[in-house]
Amino acid sequence: AERNSSVPSSTVQGITKDAAAGTTSCASEDFQTIPANATSYTTQTWTNGQITWTATDARTDQTLNATRAITIRNGSLTSTAVSNGIADLTVTTQLTFSGSAGTFKLNVNGIEVGSIPYSTAITTTTIPGINVTGNVVISITGNSSTSNRVKFDDLSWTCAPSLGVNQLDGKSFTIYPN
């Protein structure tokens, strides 16, 4: 038998990129293109960054974070379909006029994935790890009190990461050539 020996080669270290580290901003809504100031609660529709938004039971005359904001009473805020999925969502809220603290539901493609709290304090909430890929429709729903009026501003989310090795859940895969 041949002894095919040689000196050890140089050590090679491999580093894998964290799937979340590669995320980028997918959508950002600053509410600057909402319809003209309206003090009555109606359905408001506008387009910003190729996303059409619909806010029901909403008014457009309030500000938050020193800029325009949408105020929702007993309604919802819904986007049209957006590609590249959603990883994490961030939004700022504040209860205005009167009422008590509460929460709205965050839904992605009709499935509840988190809750967004509101109170009289300006509150920025991030809901991490949503990780829904493909086309997504974002909706914020669930306030059933007409005495709670909530301002929303600076809504944004990051794209869902593509499938990483740590997300394979025990499934096998092949690397070629090996």
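The values are calculated or read from the model by the stated rules, or taken from the named source; none is laboratory data. Computed from a predicted model, the values in this text were never measured in an experiment. As a convention, Cβ positions derive from the backbone with ideal geometry for all residues, glycine included, and neighbour counts pool all protein chains shown. Calculation scope for accessible area: heavy atoms of the full protein, side chains included, ligands and nucleic acids excluded. Shrake-Rupley method; radii C 1.70, N 1.55, O 1.52, S 1.80 Å.
So here's what we get for this one:
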| item | result |
| --- | --- |
| Pairwise label distance in nanometres, Ala36 with Ser145, each label 7 Å out on the Cα-Cβ vector | 3.4 nm |
| Gain upon complete extension [Val137, Ala101; 0.36 nm per residue less C-alpha separation] | 10.3 nm |
| Estimated D of the range 53-101 in µm² per second, where Rh is the Kirkwood radius over Cα pairs and Stokes-Einstein applies at 4 °C, 1.567 mPa s | 101 µm²/s |
| Carbon + sulfur, % of accessible area of the range 53-168 - ligands and nucleic acids excluded, 1.4 Å | 49 percent |
| Charge tally in the Cβ shell below 11 Å around Asp61, where Lys, Arg are +1 and Asp, Glu are -1, Asp61 excluded | +3 |
| Long-range amide H partners of Gly75 with built H, under 5 Å | Asn143 |
| Cut-off under 5 Å, modelled amide H: who pairs with Glu29 long-range | Leu155, Ser156 |
| Cut-off under 5 Å, modelled amide H: who pairs with Cys159 long-range | Thr24, Ser25, Cys26, Ala87 |
| Phi-based couplings in Hz for the range 105-116 (Karplus 6.51, -1.76, 1.60; Gly and Pro marked x) | 9, 9, 10, 10, 6, x, 10, 5, 10, x, 10, 10 |
| Charge tally in the Cβ shell below 13 Å around Phe104, where Lys, Arg are +1 and Asp, Glu are -1, Phe104 excluded | +2 |
| Cut-off 15 Å between beta-carbons: net charge of the residues surrounding Thr146, Lys and Arg +1, Asp and Glu -1 | +2 |
